[in-house]
Amino acid sequence: MPIRTAVFEPPFKIVRASHVELGVRDLGRSRAFYVDCLGLLVSDETKDALYLRGVEERNHHSIVLRHAREVEAHALGYKLAGEEDLDRAAFWFTRRNLPTSFPDVPYQGRTLRTADIFGMPLELYARMDQAECMLQKYAAHRGARIQRIDHLNCFTPDVQASYDFYSELGFRLTEYTETDGGDPQLWAVWLQRKGNVHDLAFTNGLGPRLHHIGLWTSGVLDIIHICDVMASSGYLDNMERGPGRHGISNAFFLYVRDPDGHRVELFTSDYLTVDPDHAPIRWSLADPQRQTLWGQPAPASWFNEGSAFSGVVPREPALAARPIVAM
Ligand SMILES: [Fe+2]
């Protein structure tokens, strides 16, 4: 199970995970969940799409909900440092025989559509239209008072291969889970670009599929509050796991499912990882405090269910190791 040396001079510079586009069947139902309940702000609304952002975000959108017949994830978005990085990225993906195109994407500057080695659809860009920062317009903060997007978490059929691919692009390992025994295998990895625990995480499983999007709240009480709001506004069954504290990342969390089953994590209180000599933390797959510091295991749905990517057939993982699952 090779842990790789961090790449500090990647072929192009990714700043952070920035947005996701999800297919949803009923925009009105999704609006009620994401806006009226969770409290995201609407940047724009068209006949077939909703563009959402958190209260501190200047980017026009961090979540795009697009009306679709299939409940799928359409794209994972990353912001690059500049236009030259976009050209370097196009060159890099083309040389690896991965698909590249530059479609027009609303509210974004030049946008490279490509895919990783398992077909996860990626959207790379350097500039997005800017929206009003609502950070200090406290009267407009609702629900979980979501500040910003934090990370993307995906199932992969081969954690080592996904880790190797993104390591080359400058993603640095902060924490990882591996199997025990004589020939330990990577079971999950947390990878960062922006300087906290992760922008992107991979878990072993039927994949590629999107496991969840992580949305940052400014404090634990925002997460407790949204539990009360969901429990008293018809969303009791949408609360899947938590609230609790992860062992991995130290984050306080709540996992909820949107009306189509896409999973959202409300997340806060992880830590800084910018030091160049910051060493990754190892967890055993058998450690119950890995998932939840307080010991409760996650439900089976958390390990089995996720959103497929459009046009990508997920495959079974090579590694058969199973985590601890709640009965
Ligand atoms: Fe997460």
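Restricted to the stretch 190-295, the set of strands (runs of 3 or more DSSP E) holding at least 1 residues that are within 13 Å of the ligand (Cβ to nearest atom) and under 23 Å from H19 (Cα atoms) comprises 200-204, 209-217, 239-245, 252-257, 263-268. Screening the candidates L27, L80, L40 for the property of being under 22 Å from M230 (Cα atoms) and within 19 Å of the chain's Cα centre (by Cα) yields one hit, L40. Among the residues here, F309 does not qualify as within 16 Å of the ligand (Cβ to nearest atom), closer than 19 Å to H151 by Cβ and crowded, with 19+ Cβ neighbours inside 10 Å. Considering only the stretch 167-189, state which residues are of a type outside the set (V, I, T) and within 16 Å of the ligand (Cβ to nearest atom). Once the filter is applied, which keeps residues that are of a type outside the set (V, I, T) and within 16 Å of the ligand (Cβ to nearest atom), the stretch 167-189 yields F171, L173, E175, Y176, W187, A188. For first residues located in the stretch 245-273 and of a type in the set (A, V, I, L, M), partners that are modelled with pLDDT under 95 and part of a helix (DSSP H, G or I) and lie 6+ apart or on another chain with Cβ distances below 8 Å form the pairs I248/R290; I248/Q291.
G82 - would you say it is surrounded by 17 or more Cβ atoms within 10 Å (Cβ to Cβ) and not aliphatic (A, V, I, L, M)? Spelling it out, it is not the case that G82 is surrounded by 17 or more Cβ atoms within 10 Å (Cβ to Cβ) and not aliphatic (A, V, I, L, M). Scanning the stretch 145-195 for residues that are under 26 Å from A90 (Cβ atoms), touching a strand residue (DSSP E or B) at 6+ places or on another chain (Cβ under 6 Å), of a type in the set (D, E, K, R) and crowded, with 19+ Cβ neighbours inside 10 Å returns R172, R193.
For the condition closer than 16 Å to G261 by Cβ, touching a helix residue (DSSP H, G or I) at 6+ places or on another chain (Cβ under 7 Å) and either at pLDDT 95 or above or assigned to a loop (DSSP other than H, G, I, E, B) (or both), L65 qualifies.
If you go through the stretch 2-28 and pick out every residue that is polar (S, T, N, Q) and surrounded by fewer than 18 Cβ atoms within 10 Å (Cβ to Cβ), you end up with 1. Taken as a whole, the condition of being buried (at least 16 other Cβ atoms within 10 Å of the Cβ), in contact (Cβ under 8 Å) with a residue 24 or more places away in the chain, farther than 21 Å from R53 by Cβ and more than 16 Å from the ligand (Cβ to nearest atom) applies to F118.
When the stretch 29-41 is filtered for residues that are out of contact with any helix residue (DSSP H, G or I) (no Cβ under 6 Å at 6 or more places or on another chain) and either crowded, with 21+ Cβ neighbours inside 10 Å or not charged (D, E, K, R) (or both), the ones remaining, listed by number, are S30, A32, F33, Y34, V35, C37, L38, G39, L41. L135 fulfils the conditions (1) in a strand (DSSP E or B); (2) closer than 30 Å to D228 by Cβ; (3) away from the ligand (no atom under 14 Å from the Cβ) except for a single criterion, (1).
Return yes when F155 is at pLDDT 95 or above, touching a Pro at 6+ places or on another chain (Cβ under 7 Å) and at negative phi and no when it is not. Taking the combined requirement at face value, the residue satisfies it. For the stretch 230-247, how many residues meet the condition of being under 14 Å from D36 (Cα atoms) and either charged (D, E, K, R) or buried (at least 17 other Cβ atoms within 10 Å of the Cβ) (or both)? The number of residues fulfilling the criteria is 2. All conditions in (1) within 16 Å of the ligand (Cβ to nearest atom); (2) surrounded by 21 or more Cβ atoms within 10 Å (Cβ to Cβ) hold for M128, with the sole exception of (1).
Here A308 clears all of (1) under 27 Å from G143 (Cα atoms); (2) under 17 Å from the mean Cα position of the chain (by Cα); (3) of a type in the set (G, A, S) except the condition numbered (1). Within the stretch 2-24, identify whether any single residue is over 30 Å from A279 (Cβ atoms), modelled with pLDDT of 95 or more and over 19 Å from the mean Cα position of the chain (by Cα), and answer yes or no. No, the stretch 2-24 has no match at all.
The values are calculated or read from the model by the stated rules, or taken from the named source; none is laboratory data. A quick note: this is a predicted structure, and the numbers were derived from the prediction, not measured. Reconstructed Cβ throughout: ideal geometry from the backbone, glycine too, with neighbour counts over all protein chains shown.
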